[in-house]
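See structure below.
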Amino acid sequence: MSGGTSHRARVQIALGGFFFACAISLANGISGSASHAQPAPISSPTAPVSPEPSPSAAQPGQSPQAEQSPQPEQSPTIVPVPIIIPPSPVPVVLQQQSAYLILGRSLSIHVQSPPSGIVILSAFDPAIVRAIFNPIDRTIDLTGLRSGATTITATDQYGLTATLPVTVQAYAGKAYSSTAVTITGDPASSAYVAEAAADAARLVAYPEPGAQVKAPPEWVRYNRQLAPDDSVTVVVPLSITGPGYAPYHQDVTVVVTNLAQPPIPPQNLLVSDFPETLVENGTLFYSDVTFADPARLLYYHYNSTKSAPRRVVVKAQNNDIESSFLELIAGIAGPSPNILAVGHESTKRFLVREAHSEGRVFEVPPHATLNISDQLLPPGSLVSGIMQLRVVSGSDVRVAVVVQDASEIPVGPISETLLSSAVRHARGVYSVPDFNYDISYSTGDDPAQLIIGKLPLPNLVQGEVLGGDYGVKQSAALTLLNQTPSEARVGMWIEARGGRATGTFLIDGQLVELHPVDVGRPALIRSFSVPANGYRRVSIVTMPEGGSSYPVRVTFASEPPPNGGWNLSPAVY
């Protein structure tokens, strides 16, 4: 027992000494650090430095000085490091909220935010649009590949997104930028130059299915009156629009040349009014026009309300080996459900154009068929046209009126199989296209009368006679005589006989139009002053109008007819 205790005591004494030595060393380190922190005194450079006495050589009466411990090395200065907080991610912002592209065209959308970093494009239909992020220019580069709509999602490196709806559409059509047209006119008015140029521009436009071409004559620029053998260059703004298409716009430059031609009257009247109501497609009428025998064509056709949308096309066909040139003076109207308005408008346009020989010259290539008129015909509407046709040079030209579906492309040769119907109307060739009258009236005498549309014309081919003289130009040379010493007044009244009728008159070259007039109500359309003991000559040109009821009576008198008066009829405009 005593031996074990003695050993344990020796261990405890050793450990106690170890811990005591450690405590002394720690205390000295702290003391040295503290003394190092105080600045050392700087000795004067002139004072001699006395050697410090050693502890054994201390002077009497003085306490020995403690030996200075060496100063530790200076530790490096600690510089505080700032704490960097990363910026908050900015949202993805695009220059546009949506994009609209033309098929086959490209567009770049600027990425406004973030200013750097990669943007990933996803979730769109690659068959509709090609989308590529350009990190240098910070743009989304788009190319339209197919018509349609899709949405692009743009995602940055932080997962923030923005969406870009994209629509790709094809143009509604195309058009050439220039063309030319040859016209006639003595002179050709500025309005007719614009009309011919607009029609020429439409002929070089190619709309997509369901699209429509617009080139109103009112849009034409730089048109002017054109003398024979003169030319002018005009600009026709043209547009093509349609549902699901991008609008197409083109300025078409048209060179208009006025070719001098003599006013040669027609020899025959060609009429296509059978079947009047259309229920099927096919050829309605055809006949040949020659250099020696110019002709006038009248057509008037209605599409049943239960029928499909159709179109009426006038074709010219050349079966020879050389080109033929065909002059056309035309008045075309419709489609419209107003049967009186369509007949009136086509007649008015023709008479105005024919008075100035305003027409167009078409080249019909060898062994080719050319469309010289194309009119849409919706259900419940009708179209009408009056055309004067003359071969300027070349061989005979076959002219036909054809009906087909509105969606069908109007090409192809002329079929000789004619449509028919149980309801008979005029269709054929008639030999008297113009009537001329000489009328004299002396003031105070009984009225002078002119009945327009009273002579039925025989058909030169198999078919009905032509009643009402529709398409026949009626020209009257009126001489008014006054044998009194005072100025006299003579009136001109028109009276419908079998039903309502409209009218168009060129009186001394001035256009006078007549809204529908009723039976038994004479309408005063003009009054003339005749000088005392003198006379006055008046030129009158008119034509029975499709849809109206002819014949009508025209009266020239010093006193109004029964139910008439001296007030100008409100039907006149």
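We did not get these values from a lab; they are worked out from the coordinates using the rules stated. Values in this document were obtained by computation on a predicted structure and should not be read as measured data. Every residue, glycine among them, receives a Cβ derived from its backbone with ideal geometry; neighbour counts consider all protein chains shown.
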Legend entry - Cα-centred dipole magnitude for segment 217-317, charges only on beta-carbon of K, R (+1) and D, E (-1), debye, nearest 20: 280 debye
Legend entry - Reachable lysines, given that their alpha-carbon falls under 28 Å from the alpha-carbon of K315 and they are not under 8 places away in the same chain: K174, K214, K306, K348, K473
Legend entry - Net length gained if the chain between S190 and E408 were fully extended (0.36 nm per residue, minus Cα distance): 75.0 nm
Inset, instruction - Provide Rg and Dmax in Å for segment 350-505, with only Cα atoms included in the calculation. - result: 21.3, 69
Legend entry - Tilt relative to the chain, helix 2-37 - C-alpha long axis, 0 to 90 degrees, to 10: 60 degrees
Inset, instruction - Could I have the simple spin-label model distance between D199 and D288, label points 7 Å from Cα toward Cβ, reported in nm to one decimal? - result: 2.6 nm
Inset, instruction - Can you figure out the FRET efficiency of R424 with S178, using R₀ = 51 Å and their beta-carbon distance, to the nearest 0.05? - result: 0.60
Inset, instruction - For the chain, build the charge dipole from Cβ charges (+1 Lys, Arg; -1 Asp, Glu) around the Cα centre, then report which of H301, P531, I372 sits farthest towards its positive end. - result: H301
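I'd like the GluC sites (Glu not before Pro) in segment 485-526 restricted to DSSP loop residues with at most 16 other Cβ atoms within 10 Å, sorted by number.
E487
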Legend entry - Relative exposure of M543, M492, M387, judged by other C-beta atoms within 10 Å (fewest first): M492, M387, M543
Legend entry - Nearest-ten-degree value, helix 190-203 long axis tilted from longest Cα axis of the chain: 60 degrees
Inset, instruction - May I ask you to sort I240, I507, I386 by Cβ crowding, counting other Cβ atoms within 10 Å and putting the fewest first? - result: I507, I240, I386
Inset, instruction - Please name which of Q212, S569, A123 has its Cα lying farthest along the dipole of the chain towards the positive end, using unit charges on Cβ (Lys, Arg +1; Asp, Glu -1) and the Cα centre as origin. - result: A123
Inset, instruction - Give me the distance in nm between label points sitting 7 Å out from Cα along the Cα-to-Cβ direction at A260 and S336, one decimal. - result: 3.8 nm
Legend entry - Prolate/oblate/rounded call for segment 334-408, Cα gyration tensor, a/c under 1.5 rounded: oblate
Legend entry - Prolate/oblate/rounded call for segment 434-557, Cα gyration tensor, a/c under 1.5 rounded: prolate
Legend entry - Cα-centred dipole magnitude for the chain, charges only on beta-carbon of K, R (+1) and D, E (-1), debye, nearest 20: 1320 debye
Inset, instruction - Mind pulling the angle between the C-alpha long axis of helix 339-355 and the longest principal axis of the chain? Nearest 10 degrees, somewhere in 0 to 90. - result: 80 degrees
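For the chain, what is the calculated [θ] at 222 nm in deg cm²/dmol (nearest 500), taking -39500 (n - 2.57) for each run of four or more DSSP H residues and dividing by its residue count? Spell out each step's value before the answer.
Details: 3 runs with 67 residues, N = 573.
Helix-only estimate at 222 nm: -4000 deg cm²/dmol.
At 0.36 nm per residue, minus the direct Cα-Cα distance, what do T153 and L460 gain on full extension? Give it in nm, one decimal, please. List each step's numbers first, then the result.
Working: separation 307, 0.36 × 307 = 110.52 nm, distance 7.54 nm.
This chain segment gains 103.0 nm when fully extended.
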Inset, instruction - Just flag the chymotrypsin sites (Phe, Trp or Tyr not before Pro) in segment 144-215 sitting in loop per DSSP whose Cβ has no more than 15 other Cβ atoms within 10 Å. - result: Y158, Y176
Legend entry - Relative contact order (%) - segment 93-169, alpha-carbon pairs under 8 angstrom, separation at least six: 38 percent
Inset, instruction - Work out, step by step, the length gained on full extension between R105 and E280: first 0.36 nm times the residue separation, then minus their alpha carbon distance; give nm to one decimal. - result: 58.7 nm
Inset, instruction - Describe numerically, in nm with one decimal, the distance between label points set 7 Å from Cα along Cα→Cβ at V90 and at A123. - result: 2.2 nm
Legend entry - Debye, to nearest 20: dipole size of segment 72-175, +1 on Lys, Arg Cβ, -1 on Asp, Glu Cβ: 600 debye
Inset, instruction - Take V271, V235 and order them by how many other Cβ atoms sit within 10 Å, fewest up front. - result: V235, V271
